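Notes follow once the structure below has been shown.
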Amino acid sequence: MTSAVRKKLADILPPLAVGLFVIIAWEACCRVFAIPSYLFPAPSQIATTFVADAPALMRALWVTLHVTLIALALAIVIGAAIAFLFVQSPIIERSLFPYAIILQVTPIVAIAPLIIILVKNTQLALVICATIIAIFPVISNTTVGLRSVDKGHQDLFTINRSTRLQRLLYLRIPSALPFFFAGLRVSSGLALIGAVVAEFVAGTGGRNTGLAYEILQAGFQLEIPRMFAALFLITIAGIVLFMLMVGLSKLALGSWHDSAVESEA
């Protein structure tokens with residue numbers, strides 16, 4: 001067994017062991033104390049419900065993921081563009097950055113009803129809510145990254161009389177990539193949270209309903225195993241999104257940046 005395989009196993013086995021222990025203890029407690037499923041279902045009941053209701057739950061998952069992915073894409077494009085604008089013009093940064101902070105610290109549950117009322121298209125309103133939550137880490141991290149340029153590298157570009165565009169493409173952007181991907185990992189989870197919270201506030205029914213609506217309906221009907229199954233899907237979706245962002249980060253940074261080298265050591 002190679003050292004790389006041993007390292008992978010050392011990273012994977014401990015959390016798997018903890019998760020397996022929690023599931024076994026959870027199942028045992030539910031059986032020993034005869035806890036009703038409408039109060040706190042056992043993992044076996046959740047799994048059975050998930051298998052039985054898989055088609056409906058997977059459709060709801062896709063609706064939620066559709067909103068999440070669109071919001072994440074918008075947060076990346078708009079957030080990166082705003083960060084570039086901030087770096088090029090300090091006056092614009094001083095004028096607009098406080099409002100970005102206001103959007104970040106304002107609870108989405110407070111402004112989501114207003115957005116849903118003003119925007120007639122429910123799906124568009126959900127995307128706007130999720131984008132508002134997800135955009136700030138992209139703006140702040142990318143701005144910091146674009147400003148975190150090594151002084152020696154700046155002097156080297158100055159000596160070679162590089163243009164402003166050359167500095168941006170070959171100096172600032174490579175320096176900002178680790179910060180950008182760090183913000184992306186945060187934003188991916190926030191986009192999913194924003195989509196779910198917005199669905200809760202909207203409370204939409206019909207065919208195009210997400211996992212939040214499934215949770216609401218399960219709670220109203222006391223189908224708690226189904227509620228836990230939907231929560232499980234949201235958790236798995238968040239983990240997958242985070243791992244995808246980590247994979248993109250490693251793919252982009254490769255072995256040229258210290259963070260990627262250290263993560264592989």
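Values as computed for the structure displayed
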read-out: Long-range amide H partners of GLY210 with built H, under 5 Å; value: none
read-out: For region 130-135, 3J(HN,Hα) per residue [Karplus equation, 6.51 cos²θ - 1.76 cosθ + 1.60, θ = phi - 60°, Hz, x = Gly/Pro]; value: 5, 5, 4, 6, 7, 7
read-out: Burial order of peptide ranges 185-191, 17-23 (average beta-carbon count within 10 Å, highest first); value: 185-191, 17-23
read-out: Residues ILE12 and THR122, FRET efficiency given R0 of 45 Å [Cβ-Cβ distance, rounded to 0.05]; value: 0.65
read-out: Extension reserve of the TYR99-LEU244 stretch, reckoned as 0.36 nm per residue once the Cα distance is removed; value: 49.2 nm
read-out: Summed side-chain charge close to PRO14 - residues other than PRO14 whose Cβ falls under 14 Å, Lys, Arg +1, Asp, Glu -1; value: +2
read-out: Stokes-Einstein D in µm²/s, Kirkwood radius over Cα pairs - region 74-144 at 37 °C with 0.692 mPa s viscosity; value: 258 µm²/s
read-out: Cα lying deepest toward the dipole's positive end in region 1-106, options PRO15, ILE92, ILE78, charges on Cβ; value: PRO15
read-out: Cut-off 15 Å between beta-carbons: net charge of the residues surrounding GLY152, Lys and Arg +1, Asp and Glu -1; value: +1
read-out: Residue-averaged [θ]222 nm for the chain, counting only DSSP H segments that reach four residues, each worth -39500 (n - 2.57); value: -28000 deg cm²/dmol
read-out: Pairwise label distance in nanometres, ASP155 with LEU231, each label 7 Å out on the Cα-Cβ vector; value: 5.8 nm
read-out: Debye, to nearest 20: dipole size of region 120-214, +1 on Lys, Arg Cβ, -1 on Asp, Glu Cβ; value: 420 debye
read-out: Å² per residue, accessible surface of the chain at 1.4 Å; value: 58 Å²
read-out: Of [x] 14.9; [y] 18.8; [z] 16.6, the label for mean projected area of the Cα convex hull in nm² derived from the coordinates; value: [y]
read-out: Whole-Hz ³J(HN,Hα) from phi, Karplus 6.51 cos²θ - 1.76 cosθ + 1.60, for region 243-254, glycine and proline x; value: 5, 5, 5, 5, x, 4, 4, 5, 5, 6, 7, x
read-out: Residue with peak Gaussian network fluctuation, the chain [Cα springs, cutoff 10 Å], from ARG161, ARG226, ARG147; value: ARG161
read-out: Accessible carbon and sulfur surface of the chain relative to its total accessible area, %, 1.4 Å; value: 72 percent
read-out: On Cα atoms only, tilt of 3-32 relative to the major axis of the chain in degrees; value: 30 degrees
read-out: 5 angstrom amide H check on VAL119, placed H, neighbours 5+ away; value: none
read-out: HN-Hα J in Hz across region 216-231 - Karplus 6.51, -1.76, 1.60, θ = phi - 60°, x for Gly and Pro; value: 4, 4, 5, x, 5, 9, 6, 8, 5, x, 5, 4, 5, 5, 5, 4
read-out: Net charge dipole size for the chain [Lys, Arg +1 and Asp, Glu -1 on Cβ; Debye, nearest 20]; value: 560 debye
read-out: Protection proxy ranking of 40-47, 54-61 - average other beta-carbon atoms within 10 Å, highest first; value: 40-47, 54-61
read-out: Average projection area in nm² (convex hull over Cα atoms of region 1-142, one quarter of hull surface); value: 14.9 nm²
read-out: Surface accessible to a 1.4 Å probe, ARG172 within the full protein complex, Å²; value: 70 Å²
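The values are calculated or read from the model by the stated rules, or taken from the named source; none is laboratory data. What you see is a predicted model, and the numbers here were worked out from it, not measured in a lab. Reconstructed Cβ throughout: ideal geometry from the backbone, glycine too, with neighbour counts over all protein chains shown. The protein model used for the area step is the full one, side chains on, heavy atoms only, and it has no ligands, DNA or RNA in it. Shrake-Rupley method; radii C 1.70, N 1.55, O 1.52, S 1.80 Å.
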